[in-house]
Amino acid sequence: MPQTPDVSHRKTFPLTRTTEWTILGLIFFAVYFAALFSPPLLDDADATHAQAAQHMALTGDLVTLKVDGIRYLEKPPLPYWLAAADYRIFGFNTFATHLPQTLAVLGCAMLAWFWMRRASGERAAFYAALAFLTSIGAFLFTRWFIPESILTLLIALALYLFLTGLEDRKPTNFYMAAAMLALAMLAKGLIAPVFFLGAAVPYLLLTGEYRRWRELHLLRCTLLFLLIAAPWHILAGLQNPDQGHPIGNIPTPGHVHGFFYFYFINEHVLRFLGKRYPHDYNKQPGAIFWFSHLIWLFPWSLYWPAALRRWWRTQRGAAAHAEKKSLWACLAPQNFSGKTKLLLALYGGFILLFFSFSTNQEYYTYPAYFPLLTLTAIALAGMEESDTAQANAESIGNRRWMLGAHALFAVVGTAAAIALGYGLWSSRHLPFVSDIGSLLAHRDVGGYSLSMSHFFDLTGPSFAALRLPAALAAIALLLGPLLAWMLRVRRAHLGATLTTAATAAIFLVAAHIAFARFAPMMSSRAMADTINRLAGPNDVLLLYGDQSYGSSVIFYTQRPAYLVEGRSTSMLWGSCYPDAPKIFLKDAQLLAMWGTGPRKFLFVAGDDREHVEALLRGRFTQLQELSDKVLLTDRPLTR
């Protein structure tokens with residue numbers, strides 16, 4: 001029979017459901033919705049992916065993604081379909097681009113609430129949603145156009161439907177799970193079914209539920225999965241076939257493997273093995289990979305030691321009472337709560353192990369945030385409820401470990417507040433410079449191939465542009481953790497947890513303000529505005545180097561751009577198709593066309609500036625300088 005939530009948890013949780021959702025709604029709007037309007041789209045992946053969605057919106061081609069007219073075959077289409085639909089409604093802007101990812105975060109929080117309410121009660125449900133909305137990584141990795149939050153929601157929903165289908169004996173849940181999994185594959189590719197099966201298959205084996213395999217309707221679910229996921233892949237293969245016979249996996253002009261090889265072999269198998277062509281991804285060192293999750297899931301990761309202690313003592317107690325039963329018979333989950341914990345633990349563990357072997361970026365493990373945060377919420381809620389209900393050795397031990405977490409939070413918060421305060425004091429006489437990029441170092445950590453590489457470019461003078469967010473963060477980190485610790489000492493557990501979440505929310509608001517201050521460095525929207533103001537319909541746009549250096553210029557001008565010495569990275573494969581537009585130029589071709597015909601606007605970024613200015617030998621007019629970027633034209637302005 002279907003199970004209903006255990007209403008006994010209601011007695012230990014004082015918030016009404018209206019109050020819960022009011023708090024969650026306020027946090028979502030303050031942290032996520034308010035951040036949808038700034039900064040403008042960033043260069044590199046953000047505006048590159050937005051270009052692909054923009055192409056769909058303008059042409060109606062929903063099969064083949066294109067960037068600057070070149071095939072962009074490495075990504076599945078669902079995030080681009082969603083953004084393209086937004087563009088038709090809201091126009092080409094940051095809000096429309098990032099709305100699907102932001103709504104997916106809200107969806108994850110809602111799913112966590114409904115799932116945990118059934119599994120562990122009201123307190124765990126509220127904490128799970130609260131944790132997802134206020135963890136650093138969940139916020140940070142939705143600041144640019146990547147599909148991780150959408151993927152996270154769809155796979156988590158598929159797992160929930162799978163588990164409730166088994167529990168409630170509802171075949172329709174398995175069909176809906178198959179549909180969600182198909183959409184997840186259209187969001188991120190083959191890792192969606194791999195992650196799902198990496199959790200579901202071990203779960204079936206460990207619980208013995210595999211004996212009910214007939215109830216899963218595997219054939220019908222597989223057919224439904226294929227009915228949703230297969231058509232786009234087939235159409236993409238037909239529209240982007242093999243061209244000639246390249247040597248190995250390295251394309252050459254006119255000779256290139258088609259969609260099926262590039263997408264499934266190069267982008268999935270070879271990427272996992274670190275042999276993808278072109279090789280433009282790094283792998284984080286193992287220690288950094290594992291340790292970084294303490295940061296991405298902060299402040300909720302503070303409770304992990306207490307949660308692990310509680311889990312260990314629970315398992316040891318169960319093992320001690322096993323007697324004649326086998327150990328697994330005693331430890332095996334007997335109710336929906338236990339089954340939820342097992343499935344989520346398998347799911348999160350599989351993702352972390354998978355990417356510990358694969359090439360990875362910091363945000364690749366985003367789908368693991370859902371199980372890790374919900375398991376943390378279950379443990380925290382359980383410790384608080386046991387301490388509220390009774391005072392025994394176990395509850396006292398739990399409270400001590402929670403106090404230890406808050407003491408650490410207070411120490412870290414105070415240290416961070418002091419550091420921020422020192423920066424504010426040291427920069428008190430420095431002028432505010434709106435272009436923070438002109439004040440940064442360029443240390444090239446990780447070749448800028450890791451998403452957080454620019455963090456290491458911060459300098460003392462750049463701090464003057466961050467006074468407001470630094471002051472806001474310093475106040476929150478100084479007062480919030482101390483207040484939370486005091487409330488925990490007084491056994492005001494709900495107040496302590498809410499204060500922790502409020503501190504994180506204020507910090508994330510401050511982080512977004514700081515992030516927006518980096519707009520001149522990370523986005524070239526201002527240069528696009530200059531071009532739109534000055535350029536005529538026949539004038540020519542050129543970018544020096546890879547298109548990702550100035551991808552926001554192409555997006556906001558909606559002009560095709562010639563790429564000078566820019567046939568590289570994501571543009572390389574599609575450029576080898578015989579019908580690819582002839583947008584790739586060499587230095588000699590730039591010199592030949594410079595100063596002739598329609599006016600040329602040349603965008604130059606980073607280390608290429610010195611080379612380009614030497615190449616043009618002074619035959620240019622500088623229109624604009626922004627951080628380390630410059631906009632040149634080939635003749636003086638006459639208007």
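The values are calculated or read from the model by the stated rules, or taken from the named source; none is laboratory data. Computed from a predicted model, the values in this text were never measured in an experiment. Methodologically, a virtual Cβ is constructed for each residue, glycine included, from the backbone with ideal geometry; neighbour enumeration extends over all protein chains shown.
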Study note, to complete from the structure: Flagged in region 259-270 as out of contact with any Phe, Trp or Tyr (no Cβ under 9 Å at 6 or more places or on another chain) and either among the hydrophobic types (A, V, I, L, M, F, W, C) or assigned to a loop (DSSP other than H, G, I, E, B) (or both), in numbering order, are Phe259, Phe260, Phe264, Ile265, Val269
Review point. Which residues, counting only those in region 54-71, are within 20 Å of Ser523 (Cβ to Cβ) and touching a residue at least 60 places away in the same chain (Cβ under 8 Å)?
Key: Gln54, Val67, Asp68
Exercise for review: Evaluate the following for Leu206: is it closer than 23 Å to Trp573 by Cβ, out of contact with any strand residue (DSSP E or B) (no Cβ under 9 Å at 6 or more places or on another chain) and among the hydrophobic types (A, V, I, L, M, F, W, C)?
Suggested key: no
Check your understanding: farther than 15 Å from Glu209 by Cβ and at pLDDT below 90: does that describe Ala320?
Key -> yes
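Within region 271-304, restricting attention to residues that are aliphatic (A, V, I, L, M) and assigned to a helix (DSSP H, G or I), which residue is nearest to the chain's Cα centre (by Cα)? Quick ask: steps written out before the conclusion?
Of region 271-304, the ones aliphatic (A, V, I, L, M) are 273, 287-288, 294-295, 297, 302.
Checking the rest, the ones that are also assigned to a helix (DSSP H, G or I) come to 273, 287-288, 294-295, 302.
Details: Leu273: 22, Ala287: 21, Ile288: 18, Leu294: 16, Ile295: 14, Leu302: 21 Å.
Of everything passing the filter in region 271-304, Ile295 is nearest to the chain's Cα centre (by Cα).
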Practice item. Please work out if Ala379 is among the aliphatic types (A, V, I, L, M) and without any contact (Cβ under 8 Å) to a residue 12 or more places away in the chain. Key: no
Exercise for review: Please list, ordered by first then second residue, the pairs with beta carbon atoms under 9 Å, 6 or more apart or interchain, first in region 597-616 and more than 14 Å from Ala561 (Cα to Cα), second modelled with pLDDT under 90.
Suggested key: Ala605/Ser627; Ala605/Asp628; Gly606/His442; Gly606/Asp628; Asp607/His442; Asp607/Asp628; Arg609/Asp628
Practice item. Mind counting the residues in region 568-600 that are surrounded by fewer than 15 Cβ atoms within 10 Å (Cβ to Cβ) and of a type in the set (Phe, Trp, Tyr)? Key: 0
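Identify all residues within region 597-625 that are of a type outside the set (Lys, Arg), in a loop (DSSP other than H, G, I, E, B) and within 12 Å of Leu542 (Cβ to Cβ); write none if there are none. Even if it seems obvious, please write down each step before you answer.
The initial filter retains those residues of region 597-625 that are of a type outside the set (Lys, Arg), namely 597-598, 601-608, 610-616, 618, 620-625.
Restricting the remaining residues to those that are in a loop (DSSP other than H, G, I, E, B) gives 597-598, 606-607, 618, 620.
Scanning region 597-625 gives Pro598, Phe620.
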Revision key, fill the gap. Apart from one, (1) at pLDDT below 95; (2) farther than 24 Å from Thr59 by Cα; (3) not hydrophobic (A, V, I, L, M, F, W, C) all hold for Tyr544; the odd one out is (1)
Point to revise | Flag if Leu82 is assigned to a helix (DSSP H, G or I) and not basic (Lys, Arg) | key: yes
Check your understanding: Tell me, which residue of region 211-256 that is in a strand (DSSP E or B) and surrounded by fewer than 13 Cβ atoms within 10 Å (Cβ to Cβ) is modelled with the lowest pLDDT?
Key -> Ile247
Review point. Of everything in region 529-567 that's assigned to a helix (DSSP H, G or I) and free of Cβ contacts under 8 Å to residues at least 40 places away in the same chain, which residue is surrounded by the fewest Cβ atoms within 10 Å (Cβ to Cβ)?
Key: Arg533
**Study point:** Filter pass, Lys586 being within 37 Å of the chain's Cα centre (by Cα), outside the structural domain of His257 (by TED's automatic domain parsing) and free of Cβ contacts under 8 Å to residues at least 40 places away in the same chain
**Key:** yes
